[in-house]
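The values are calculated or read from the model by the stated rules, or taken from the named source; none is laboratory data. Fair warning: this is a prediction, and the values are worked out from it, not measured in the lab. Glycine gets a Cβ as well: all are built from the backbone with ideal geometry, and neighbour counts include every protein chain shown. For accessibility, only protein heavy atoms count, side chains too; no ligands or nucleic acids. Shrake-Rupley method; radii C 1.70, N 1.55, O 1.52, S 1.80 Å.
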Amino acid sequence: MKLLNLSTKKVYNMEIKNKRLFLGSISFFFISLLLGLFAYGLFFADDPKIIPTILLDKAAPQFKLSDLDGEQILSENFKGSPTVINFWASWCIPCRQEAVELQQAWNEFSPHGLQMLGVAVGDTTTDAKKFIEKYGVTFLNAQDTSNGDLLLDFGVTGIPETFFIDSEGIIKKKHYGAVTYDEVANFFQNNKTL
């Protein structure tokens, strides 16, 4: 009986050691994975505001919108010029500073061929117009009335979000968060038509 009891204890102790070893190995694996991802993001990843999209280097989705006065806007009207499409909302805090930066870029580069379209998301026309007036926005703006279809077509994941489209209608960059004048300037300088 003592022999059986001693043997059972050894088996039990071995099972506990094996479980500890197994759990320790799994813990080590996940901690190593997290540290590896952190290191990759810290040293090798691009700007975290640039979100990968399956639309990159593909034709921008076609759309038909109405501007804030009810005039029709067609996506084909933007072909032949580098274009910035910005999804924004009047209730969006980062959109406030971004509106100033986008307007500054519009003032400088529109005479040289830059096209820009703002698309108000989740806003009433009245709120969108108040926002545009408050921040002195003069570039073309529309309201998304597609019941979310346009957001899905572009793969929008949050507000604000900006798409940089070359003169051939190809999406070259997707930016999440408030975009800056410098980003628009850099895009335009690298994609302007001659």
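Of all residues in the stretch 161-194 being over 15 Å from Asn86 (Cβ atoms) and in contact with a Lys or Arg (Cβ under 9 Å, 6 or more places away or on another chain), which is most open to solvent (accessible area, probe 1.4 Å)? Applying the filter and picking the extreme gives Glu168. The residues listed here are Gly113, Gly148; of these, the one that is at pLDDT below 95, closer than 18 Å to Asn77 by Cβ and either among the acidic types (Asp, Glu) or open to solvent by less than 40 Å² (accessible area, probe 1.4 Å) (or both) is Gly113.
The residue of the stretch 32-78 that is nearest to the chain's Cα centre (by Cα), among those that are of a type in the set (Ser, Thr, Tyr) and modelled with pLDDT under 90, is Thr53.
The numbered conditions (1) assigned to a loop (DSSP other than H, G, I, E, B); (2) open to solvent by less than 70 Å² (accessible area, probe 1.4 Å); (3) touching a residue at least 12 places away in the same chain (Cβ under 8 Å) are all true for Gly70 except (3).
Can you find a residue that is in contact (Cβ under 8 Å) with a residue 24 or more places away in the chain, assigned to a strand (DSSP E or B) and acidic (Asp, Glu) anywhere in the stretch 159-179? Within the stretch 159-179 (the criterion being in contact (Cβ under 8 Å) with a residue 24 or more places away in the chain, assigned to a strand (DSSP E or B) and acidic (Asp, Glu)), the answer is yes, since at least one residue qualifies.
Within the stretch 76-85, does at least one residue satisfy the condition of being closer than 26 Å to Asn190 by Cα, open to solvent by 20 Å² or more (accessible area, probe 1.4 Å) and either touching a Phe, Trp or Tyr at 6+ places or on another chain (Cβ under 8 Å) or in a strand (DSSP E or B) (or both)? Checked against the condition, which is being closer than 26 Å to Asn190 by Cα, open to solvent by 20 Å² or more (accessible area, probe 1.4 Å) and either touching a Phe, Trp or Tyr at 6+ places or on another chain (Cβ under 8 Å) or in a strand (DSSP E or B) (or both), the stretch 76-85 yields no hits at all.
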